[in-house]
Structure formats: C-alpha cells, structure tokens
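Laboratory data are not the source of any read-out in this text; all were calculated from the coordinates shown. All values reported here derive from a predicted model rather than from experimental measurement. Every residue, glycine among them, receives a Cβ derived from its backbone with ideal geometry; neighbour counts consider all protein chains shown.
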Amino acid sequence: MKRPLLLFSLMSVAMLSEASAQEARSKPQVPSAGADAHAKDRTAIRDTLASLAKAFEARDAKKLAAHWTSEGEHQTVRGETVRGRDALEQGFGEFFAVTPEVVAEVRSESLRFLSKDSAIDEGVVTIRKGSTAPATRARYRALLVREDDRWRLAILGESPEDGVSIGDLGWLIGEWKSTSGGGADIRTTYTWDANQKFIHVQFAIKEGDRALSGKQVIGVDPATGAIHSWTFEANGGIGEADWSRDGDHWVLAAAATLPDGGTLVQTNILTRVNADTFTWQSTERTLDDNELPDLAPVKVTRIKSEK
C-alpha cells in the first residue's frame, strides 16, 4: 500500500515550494574583458547598498541620509521628490516615527559605469513593515558618484513594479523541516540556480519505514509569463502547479500523475508567517475524480545553521 505516502509526498512537494515569480530579470552584469578595473568599485557599491538597507532597518534617519550626496535626490514610488541630505533625514525620521519595525532588501540586477567616478545601478527594493505585514516592492534606478573616496547616491528613483519577482521568494532559500499530521518527517532545501532565474528544491520524506525523495524546479514559464513549478519524484511520480499570489498567500493549482498512472489534483495554499515559518494546506483534492478531504495546515520551520 504505497499510495498513501505518494499522496502525501506530492502534496507536500507543492507545499514545500515557494516559487519564482515574474522572470528574474538577470544577475548583475558580468564585466567584460578589460572591465576588471571596476572590480573594487563594484564591491564598494554593493557594500553601499547593503549599508543603506541596514541603516533603513535600524531606523536611523541620519545614517540613512548620509548615503546621499549633500544635494542628492530621492524620487519616491509615489512620485514625490525629496532634495538634499537634511530634507532626506527629516523625511526618513517622520516615516520611522510611525513605523516601528521595517525590513529592507535591495536586489541589484545590473550595474554599469559611466565614468571612473559615476555608475548606474538598477534592481528591486523590497520593504516589509513588521514581520507579518505584506511586502511592498518597487523598481529602483540609482545614480551613484564617488565623493571623498566613498560611493554615494546622487539620485535614487523608485517606480512601481509590475507583477511579482523571483526575489519575492528569496526568503525561502535554505533548509526547512516539518512534520505532517500523520507523522511523516519532511526535509527540504531551496537553492538558487546560477543566474537566479529558478529555485531548485530537494526534498526527502520519511514516514515510518518508508522513504521518498525527489526534486522540484520553480520558475517562470516563458510561454505564459506566470510562475510555475515542475516536480519529479524518485519513484517516477511527476507534478506541475500554477502559482498565483494574494498578499503573503500563494495559491497553487496543482496536478500530479502517480507512478501507477493515477491523477491527483488539488489546490495548495502557502502562507508566510515570518522569515522562519510558513504554513501549507491542501484543499479541493481529488484522486482519479474521487473527492478527498481537505488536509489541516502544516507548519514548516527553517533549520538554522549552527554558528
């Protein structure tokens, strides 16, 4: 009687995948031959952006504004423009006064140099107000200049991002574990591919004296432009799912073919609780057109590395 484990494994795989969204545009451009002169500057600019995000999370308006030139500009996603370091400090201070907790991530996608002392960086910035609030995202374009041996922002412009991005799922990278209501132990590892266009998933499920393993690829289907996942079990079962997003919920319309030719169809709901926890539930389940009961939500937690 292998089917119960197979049923659980296929639904758990859909659970244990938080997928790529709108095609992850591209990794920072690889310097061409002769561009190695900018290697140190590339690192310095990446450090500047990381420092910017750190100051934002620390809610330190003064330190955050110091990342701009004295007359630098911030063009917000709402279309407002704030000019000058003093005005920036005041604006950030007012924002932090009513925002007790913020998390920021700056994801650079391309960096090019206009001269030895100026560069343009483009990418996506993600802001979360509180650990459970829905994330907001925007495209950014930054003009950086070298000033007093330090790279600073001359202009940082933000604009609304259309659709979703693979970066929306970056928080999943790492190892996770969960235990099903039936006692099955599930371990899953999420990793980026080389170009960060897909997330690769390795999973192992153990239930009593039985075990199952397999892999999954999550990415954007270029034929539809939508998030899609492809699942392959070591024993021959395969599955696919279309992903759609509703705030911090991902809804997966999943279908799988079991090794014996049976068909499993279900709707899976993945909900992010915080950076280290999410829940998953399988509903609207049918096996060979026979209805199955919904499954209770399963809690999935991050396995933190020992330092």
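To the nearest 20 debye, what is the magnitude of the charge dipole of segment 36-163 about its Cα centre, counting +1 on the Cβ of each Lys and Arg and -1 on the Cβ of each Asp and Glu?
So the dipole magnitude of segment 36-163 works out to roughly 180 debye.
I need the peptides 291-301, 60-70 ranked by packing, meaning the mean over residues of other C-beta atoms within 10 angstrom, with the highest value on top.
60-70, 291-301
Enumerate the whole-percent occupancy of each 10 Å bin, from 0 to the last occupied one, for all C-alpha pair distances of segment 36-163.
13, 46, 34, 7, 0
T69: net charge of surrounding residues, Cβ under 11 Å, Lys/Arg +1, Asp/Glu -1, itself excluded?
Around T69, the charge tally is +1.
Summing +1 for each Lys or Arg and -1 for each Asp or Glu, what net charge is found among the other residues whose Cβ lies under 10 Å from the Cβ of D121?
+2
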